[in-house]
1. Which value in nm describes the separation of the simple spin-label points at A:T190 and B:R394, placed 7 Å from the Cα toward the beta carbon?
2. Hey, in the GNM for chain A with a 10 angstrom Cα cutoff, which one of A:A374, A:A350, A:A284 fluctuates hardest?
3. In nm, what does the list of distances from A:K14 to its counterparts in the other copies look like, shortest first, when each label sits 7 Å along Cα to Cβ?
4. Provide a whole-number value for the mean count of partner chain Cβ atoms within 10 Å of the Cβ atoms in peptide B:96-105.
5. Got a sec to turn the phi values of the stretch B:341-346 into Karplus ³J(HN,Hα) couplings, 6.51 cos²θ - 1.76 cosθ + 1.60 with θ = phi - 60°, whole Hz, x for Gly and Pro?
6. Hey, for A:G73 with labels 7 Å out along Cα-Cβ, what do the inter-copy distances come to in nm, ordered shortest first?
7. Would you calculate the separation in nanometres between label points at B:D285 and B:A197, each defined as 7 Å from the Cα along the Cα-to-beta-carbon direction?
8. Is there a simple number for the mean count of other chain Cβ atoms within 10 Å of the Cβ of residues in B:66-76, and what is it?
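Coordinate-derived values only; no laboratory data. As the structure is a prediction and not an experimental result, all values here were calculated from the model. All Cβ positions, even for glycine, are placed from backbone atoms using ideal geometry, and neighbour counts span all protein chains on display.
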2 protein chains.
Amino acid sequence: MLRQVAVIGCGMTKFGRHDGKTLLEIMVEASLRAIDDAKIGERDVDAVYVSTMLSGELSNQTALGSALVDQLGLMPAAAHRLENGPASGGSAVKNACMAVASGFCDLVLVTGGEKMRHISGDRITDLISTMVHPTAEYVHGVTLPALAAMFTRLYMHRYGLKREHLAKVAIKNHANALKNPYAHIHQPITIEGILYAKEAEVNNPLVADPLRLFDCCPVTDGAASVVLCAAEIAKEFCDTPVIVAGLGQATDTLAVHEREDPTLLKAVQVASQKAFKMAKLTPADMDLAELHDAFTILEIAESEDSGFFAKGTGHKALEEDVTSLGGKLPINPSGGLKARGHPVGATGVAQIVELTWQLRGEAGGRQVQGAEKAYCCNFGGFGNNVISFVLTRRN
Amino acid sequence: MLRQVAVIGCGMTKFGRHDGKTLLEIMVEASLRAIDDAKIGERDVDAVYVSTMLSGELSNQTALGSALVDQLGLMPAAAHRLENGPASGGSAVKNACMAVASGFCDLVLVTGGEKMRHISGDRITDLISTMVHPTAEYVHGVTLPALAAMFTRLYMHRYGLKREHLAKVAIKNHANALKNPYAHIHQPITIEGILYAKEAEVNNPLVADPLRLFDCCPVTDGAASVVLCAAEIAKEFCDTPVIVAGLGQATDTLAVHEREDPTLLKAVQVASQKAFKMAKLTPADMDLAELHDAFTILEIAESEDSGFFAKGTGHKALEEDVTSLGGKLPINPSGGLKARGHPVGATGVAQIVELTWQLRGEAGGRQVQGAEKAYCCNFGGFGNNVISFVLTRRN
């Protein structure tokens with residue numbers, strides 16, 4: 001990129017239920033927190049990027065970029081909405097970065113959000129499935145949980161992954177979320193409770209074999225927001241700007257069955273390699289990572305294809321607590337999609353928020369001590385659209 | 001911008017009805033034409049930007065960026081979808097320009113499209129209205145035709161505009177569209193037929209007083225596509241690159257009644273001033289313009305607020321044939337939204353296609369002789385999100 005970009009402000013709503021508030025209202029709340037955090041004073045915001053996957057379908061509102069600019073009184077700031085499935089947030093952050101890097105903007109607000117809890121789970125699953133292949137998958141009832149289940153089965157068969165590993169991702173991320181006041185789920189779980197106990201079958205029912213309820217992220221309302229600026233002016237606003245050191249994006253085949261090796265998330269590999277190359281860093285340099293664990297299996301697979309662990313060994317690292325808070329590479333200290341929640345359009349932005357808080361040392365009880373470099377991976381479709389970022393603390 | 005951008009390829013489907021084809025299929029058709037036109041050979045496309053307003057609502061498909069990359073076999077190109085109401089196309093072109101200008105990409109495909117004809121007109125009007133103010137306008141039944149009608153009434157009252165002026169916009173644009181093989185409407189109309197004849201009330205019924213059927217753009221299926229690259233490499237692909245000399249964008253209040261002067265399209269003013277300033281050119285330098293005439297009144301109002309004519313005098317210029325083919329500043333030689341048609345997500349891209357064809361001298365019977373500089377204005381919401389471009393031929 002021709003010009004470096006910094007994150008100077010962050011804000012989120014509590015993830016969870018926001019009955020009685022509109023999507024736009026929760027986006028305003030997150031935006032105001034980020035603007036306040038960025039201490040931009042009277043300075044003009046040049047552009048606003050909004051990410052939401054389903055605002056038209058779920059909230060009967062389109063062109064939300066302009067609506068947010070209006071509500072925040074930021075006219076005449078340029079307004080855009082990105083929709084890129086679950087990678088909408090990363091897509092908005094990336095385009096905002098390029099708006100700054102191109103010299104076209106100096107100061108940009110990015111706000112992602114989704115309001116989903118007011119709609120039935122069946123309808124949500126159907127709407128989210130509109131991103132899979134329309135004729136090879138969707139019409140046959142292949143939803144996202146179905147794809148993730150088949151992917152998990154193959155993983156178990158090929159790499160010796162067991163249901164206990166999946167459960168451990170959930171247990172770890174639920175534990176992390178207890179330390180995150182913004183997380184949707186504040187519920188400690190145990191392997192006994194979700195797998196071995198007599199009532200486990202009832203408490204943790206099958207969703208799509210072998211995935212159970214606690215293997216799937218919840219349906220969540222929420223919004224997250226960041227303020228970006230040209231790195232050369234970042235110190236005007238804050239003492240601890242966080243630098244967007246690297247970013248990468250890649251697309252894979254839409255239909256999962258067309259991939260040579262369906263267990264390989266090639267777009268994760270390519271996107272992460274691009275991000276690390278741009279940052280001139282390696283996976284081993286990272287102090288923490290936020291991965292897109294919409295299903296427990298995805299945290300494990302992404303931890304491998306992002307370059308942290310060899311293929312088929314992610315569950316070993318998990319087993320050995322490498323990815324727990326206090327381990328060598330904490331993954332999803334925020335609680336991840338699994339427990340912080342997954343308001344689809346907010347997720348990619350919320351990952352940047354968590355990384356920024358961690359790099360600033362503001363992550364409270366879940367702080368990764370001395371974190372200076374961090375990675376996140378926002379995963380769209382079933383791995384067909386992946387956007388990775390490497391963020392670093394400027395010392 | 002830190003790096004100049006050029007248009008090196010264009011393609012469109014015929015605008016009209018595309019029964020039996022999906023939105024994705026017509027986008028593929030336009031994309032292949034643009035890629036073929038750009039003669040990029042084996043060179044990789046770095047990113048694909050898709051614009052569509054209502055793909056989820058009308059075609060049950062989201063995340064269309066990845067789907068298009070997949071269909072075109074352009075993996076691992078980065079994929080994004082922009083939704084910005086009727087300004088979606090301009091929004092996609094603008095972000096693609098910034099992707100190149102930032103140094104992040106060298107070669108980018110932008111494809112806009114919408115498939116709308118398979119849905120009832122009432123439902124279309126309702127879905128398009130999801131971009132107006134949700135509580136101040138939408139819930140009161142204020143649709144886009146209703147807003148345009150109130151705007152027209154005020155214009156008539158204040159500036160002496162008559163229904164004959166509105167009719168003349170339609171007649172001129174229908175005549176231009178007869179020379180555009182891609183246009184939806186190939187139907188010559190006369191003032192006698194649509195206003196004075198006994199059967200005019202039947203042929204041209206009221207939609208929202210004073211606007212009649214022929215004052216409103218049709219509901220259209222179609223897709224349009226451009227290939228952009230860094231200007232410094234444009235000559236590798238074509239002899240006549242067209243330069244994105246200027247671009248500007250602005251947001252106005254979402255609710256029209258909140259504007260100090262509701263007849264003033266402030267976002268058009270700001271966006272065009274920014275575009276002209278960046279291009280170091282003035283409205284007087286332009287050889288033609290494509291304006292966003294979703295309703296006849298909009299061509300007149302935008303011709304004023306873009307800086308071509310003083311406020312309240314656009315209809316005089318129209319009367320004097322200044323804006324007709326052969327006049328000093330032909331407006332909408334393509335037929336405009338009025339007659340080329342308005343597949344919402346395609347429109348902003350189709351404007352760039354028309355400007356490029358005109359600047360290359362490839363516009364056939366509607367060619368503006370010797371055109372070297374051209375302007376377009378993509379108008380979202382009811383003027384709350386406007387994106388203007390100035391394109392020039394590199395000699």
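1. In this crude label model, A:T190 to B:R394 measures out at 6.9 nm.
2. Of A:A374, A:A350, A:A284, the most mobile in the Gaussian network model is A:A284.
3. Label-point separations across copies, in nm and ascending: 5.8.
4. Mean partner shielding for this stretch: 6.
5. x, 9, x, 3, x, 7
6. 5.6
7. Reported label-point gap for B:D285 and B:A197 is 4.6 nm.
8. Shielding by partners across B:66-76 averages 6.
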